[in-house]
Amino acid sequence: MTDSPTGPQTWHYGLIARWWAEFNEPADDELKFYREAIERFGEPALDLACGTGRLLIPLLEAGFDVDGIDLSEDMLLFARERAGDEGLDVRLLAQAMHELDPWRKYRTVYICDSFGIGATREEDEEALRRIHAALEPGGALVFSHDLPHSYADHWVYWIPELRDRLPLPWSTGGVRRRAANGDEIELTGRLLDVDSEARLLTMQMRPRLWRDGVVVEEEEHTIRLGMYWQPEILQMLADAGFGPVEVQAAYSGQPAKPDDQTLVFIARR
């Protein structure tokens, strides 16, 4: 199974979607941060790029009015199943950020670690415009973003003389974990391409499904990551119509510092 060459490029399908559903739980600081954001800016809220519901489901369980939208139907399938298992009513929609057209307007829209994934710069700009339109006056967009220098292992390949080494070979000794039913899922990855003009990293992931010591399924998926520094994001938010923006070090509540690798942007409509 491989990804379609058209449209947003992410690897959140097939076995990788199952990996997220099986193994990825929210960190305590993440969940606390977004819960407090909703308490601060109000409901209803939208979990944009909600994935398998790792933040959405706990917030629903806590009584918050939250909808979920994600590009991947595979991820949403697991979110629906988990909500059903917990007896929760959940409203989910498969939609790309730059095509955002939700059911209603929101007081809070949050994006956890997913802004800039899969899309072009033009599509990311359109996504911010659509999020702005989906917010009620006074509402807020809250999202995290890893700055380019957080990808330290890949930084050297921005140098033109080293780009001819790409794609890199597949990593050896991938991460392998046992699922609830006894299956094992293994992930290996590699850097595929660096586009300095478009400021994009393209990476690949190869998940394998092991059963009784034998590989019974293997996939390859590609993801495209937009590289944004803080000033460009602030300009994009302003161009989309947002007003004041707070920039914090990730989930700390403290102002961002120059060496921080992950920032949180809080943009008011």
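The tail of the calculated P(r) for the range 224-269 beyond 11 Å holds 67 percent of all Cα-Cα pairs. The overall shape of the range 120-269, judged from the alpha-carbon gyration tensor, is prolate: a/c is not under 1.5, and a/b is greater than b/c. For His149, neighbours were defined as the other residues whose beta-carbon sits under 12 Å from its Cβ, and their charges (Lys and Arg +1, Asp and Glu -1) total -4.
Contact order for the range 152-225, expressed relative to its length and based on alpha carbon pairs under 8 Å spaced 6+ residues apart, stands at 23 percent. The mean of 1/r over all distinct Cα pairs in the range 152-225, once inverted, gives the Kirkwood hydrodynamic radius of 13.7 Å. Positive contributions from Lys and Arg (+1) and negative ones from Asp and Glu (-1), summed over other residues with Cβ under 9 Å from the Cβ of Asp67, come out at 0.
Which one, Tyr228, Gln204, Tyr157, projects farthest toward the positive side of the charge dipole computed for the chain from Cβ point charges (K/R +1, D/E -1)? The residue sitting most towards the positive pole is Tyr228.
Applying both filters, DSSP loop and at most 14 other Cβ atoms within 10 Å, to the chymotrypsin sites (Phe, Trp or Tyr not before Pro) of the range 161-235 gives Trp170, Trp229. Helix content alone sets the calculated 222 nm mean residue ellipticity of the chain: runs of n ≥ 4 DSSP H residues at -39500 (n - 2.57) each, divided across all residues, give -8000 deg cm²/dmol.
Quick note: the coordinates plus some simple rules give every number you see, no bench work behind them. Since we're looking at a predicted model, the values are computed, not measured. Here Cβ is always computed from backbone atoms with ideal geometry, including for glycine, and neighbour counts include all displayed protein chains.
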